[in-house]
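Every number here is computed from the coordinates shown, using simple stated rules; none is lab data. If you're wondering where the values come from, they're calculated on a predicted model, not measured in any experiment. Neighbour counts run over all protein chains shown; Cβ positions are idealised from the backbone, glycine included.
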Amino acid sequence: MAALHITKENFEEVVLKSEVPVLVDFWAPWCGPCRMLTPVIEELAEEVTTAKIGKINVDEEPELAQKFRVMTIPTLIVFKDGKEAHTSIGVSPKAEILKMLEA
């Protein structure tokens, strides 16, 4: 399954009310490191069955970026039970992202 496109309209339903952990990638199309991370995020979306993987375009959703204090992209935030559980700033290796989801 492809990474979910998360907006302020579906954020509560997709992320906060999720019964499984949700990895959210805050990104922008003009960001080089974000583009480097995109294939990893898409791979995770295809492979991970115990969590949801989603992306928030900070240019389209500045309110969400501001709400979660995203100053640098890419920023990955794992939400569990509707709360921020783990945050990673910058490009991370796939194994490290998987550890964030499992922790």
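Taking Lys and Arg as +1 and Asp and Glu as -1, the other residues whose beta-carbon sits under 14 Å from that of Glu13 total 0.
What is the local net charge at Glu96, summed over the other residues whose Cβ is closer than 14 Å to its Cβ (Lys, Arg +1; Asp, Glu -1)? Net local charge, Glu96 excluded: -1. Built from the Cα atoms of region 1-55, the convex hull projects on average onto 3.7 nm², one quarter of its surface area.
Looking at the P(r) of the chain, how many percent of alpha-carbon pairs lie beyond 21 Å? The partial results should precede the final answer.
Numbers: 1171 of 5253 pairs.
Of the Cα pairs, 22 percent sit more than 21 Å apart.
Give, as a single signed number, the net charge of other residues whose beta carbon lies under 12 Å from the beta carbon of Ala3, with Lys and Arg counted +1 and Asp and Glu -1. Write down the numbers at each step before the final one.
Numbers: positive: Lys52, Lys55; negative: Asp25, Glu42, Glu43, Glu46, Glu47.
The answer is -3.
Inter-label distance, Glu43 to Lys80: 2.4 nm, where each label sits 7 Å from its Cα along the C-beta direction. Extents of region 36-81, largest first, come to 30, 29, 15 Å (Cα atoms, principal axes, whole angstrom).
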